[in-house]
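The values are calculated or read from the model by the stated rules, or taken from the named source; none is laboratory data. This structure is a prediction, so every number in the text was calculated from the model and none was measured. Quick reminder, even Gly has a Cβ in these numbers, built from the backbone with ideal geometry, and neighbours come from all protein chains shown. SASA here: full protein model, heavy atoms, side chains in, ligands and nucleic acids out. Shrake-Rupley method; radii C 1.70, N 1.55, O 1.52, S 1.80 Å.
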2 protein chains.
Amino acid sequence: MDKHLQAAIEEAKKGLQEGGIPIGSVLVHEDKIIGRGHNRRVQKGSTILHGEMDALENAGRLPANVYKKSVLYTTLSPCSMCTGAVLLYGIPKVIIGENVTFKGEEAFLSSRGVEVIVMDDKQCIDLMTQFIKDQPTLWNEDIGK
Amino acid sequence: MDKHLQAAIEEAKKGLQEGGIPIGSVLVHEDKIIGRGHNRRVQKGSTILHGEMDALENAGRLPANVYKKSVLYTTLSPCSMCTGAVLLYGIPKVIIGENVTFKGEEAFLSSRGVEVIVMDDKQCIDLMTQFIKDQPTLWNEDIGK
């Protein structure tokens with residue numbers, strides 16, 4: 001198991017324990033985690049703190065050249081907002097736990113030159129499958145449906 | 001002058017007074033402002049609170065059908081992150097103060113069916129022209145450069 005994806009999964013599980021949506025993310029620069037986060041819709045009443053956004057926010061203000069040598073890990077395929085944040089900061093690579101329970105803007109990321117790797121990770125799939133089954137209304141809210 | 005664009009400009013000016021980046025935004029539902037915000041990079045050390053994101057965050061958790069009947073006003077052409085947030089929530093219309101000092105993802109918004117109107121507003125242009133002249137490093141940081 002990739003250690004950074006594992007860290008993103010730990011974030012997702014932390015979110016679930018808090019009563020939130022189990023999606024986690026870490027921003028990695030030169031093999032070191034510089035930001036970690038998870039979805040905070042429930043915990044903070046936030047509409048913008050998806051897991052990836054929370055990781056970017058927690059990484060803090062960084063010089064452009066740090067983003068440009070970083071990798072964003074996320075347990076779930078990124079929505080259009082998180083995709084846009086990746087493009088804003090020029091993050092060149094996104095590693096995705098799974099895209100079975102939700103398929104985001106992977107094709108758009110690729111079309112803009114971002115390397116996208118999907119790990120098809122069973123832990124990630126199981127977490128979201130169970131969550132969507134348990135809380136369909138909350139899940140739909142998180143993806144604007 | 002459109003009263004909602006004026007409200008977005010007031011937000012931008014508030015940001016400038018706080019020592020921040022003068023970009024403001026309001027989310028309008030049925031002619032009523034339901035969220036207002038401005039860029040908080042400096043004020044909160046935030047990498048994700050662009051003006052539009054701050055307005056969406058301050059609007060709070062909303063049912064999908066509210067977003068789908070809302071208009072997002074922003075003093076400046078939206079970057080890829082804010083564009084992605086508009087698409088996530090299915091906001092059908094974006095009214096932009098100006099796209100002279102920065103041209104964001106207007107074409108992408110249009111390609112996804114969002115109505116985009118550019119007001120070419122002199123107040124908005126003047127605010128950003130002066131700011132970029134005064135603080136080029138901070139501005140570049142905000143757009144990932």
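Loop-resident trypsin sites (Lys or Arg not before Pro) (DSSP state other than H, G, I, E or B) in region A:9-99 with no more than 15 further Cβ atoms inside 10 Å of their Cβ: A:61, A:68, A:69.
For residue A:126, inter-copy separations between label points set 7 Å beyond Cα along the Cβ vector come to 6.3 nm, shortest first.
Solvent-accessible area per residue in region A:3-143 equals 38 Å², computed with a 1.4 angstrom probe and all protein chains kept.
Averaged over peptide A:71-77, the number of partner chain Cβ atoms lying within 10 Å of each residue's Cβ comes to 0. Each 5 Å bin from zero up to the one holding the largest Cα-Cα distance in region A:3-143 carries the following percent of pairs: 2, 11, 23, 26, 21, 11, 4, 1, 0. Quick check: from the Cα gyration tensor, does region A:82-134 come out rounded (a/c under 1.5), prolate or oblate? Prolate shape, in that a/c is at least 1.5 and a/b is the bigger ratio. For the residue pairs A:93/B:69; A:14/B:145; B:14/B:133, alpha carbon separations beyond 23 Å are given by A:93/B:69; A:14/B:145.
For chain B, adding -39500 (n - 2.57) for each run of n ≥ 4 DSSP H residues and dividing by the number of residues yields -13000 deg cm²/dmol at 222 nm.
Across chain A, the mean sequence separation of Cα contacts (distance under 8 Å, 6 or more residues apart), normalised by length, yields a relative contact order of 19 percent.
Projecting 7 Å from Cα along the Cα-to-Cβ direction, the label point of residue A:143 sits 3.3 nm from its equivalents in the other copies, listed shortest first. Sorted shortest first, the separations between the residue A:115 label point and its copies elsewhere in the assembly read 4.4 nm; each point sits 7 Å from Cα along the Cα-to-Cβ line.
Taking every alpha-carbon pair in the protein assembly as shown and binning the separations at 10 Å intervals from zero gives 7, 31, 36, 21, 5, 0 percent. Take each residue of peptide B:38-50, count the partner chain Cβ atoms within 10 Å of its Cβ, and average: the result is 3. Please say if region B:27-81 is rounded, prolate or oblate, where rounded means a/c under 1.5 for a ≥ b ≥ c the square roots of the C-alpha gyration tensor eigenvalues, and otherwise the choice is prolate for a/b larger than b/c and oblate otherwise? Because a/c hits 1.5 or more and a/b exceeds b/c, region B:27-81 counts as prolate.
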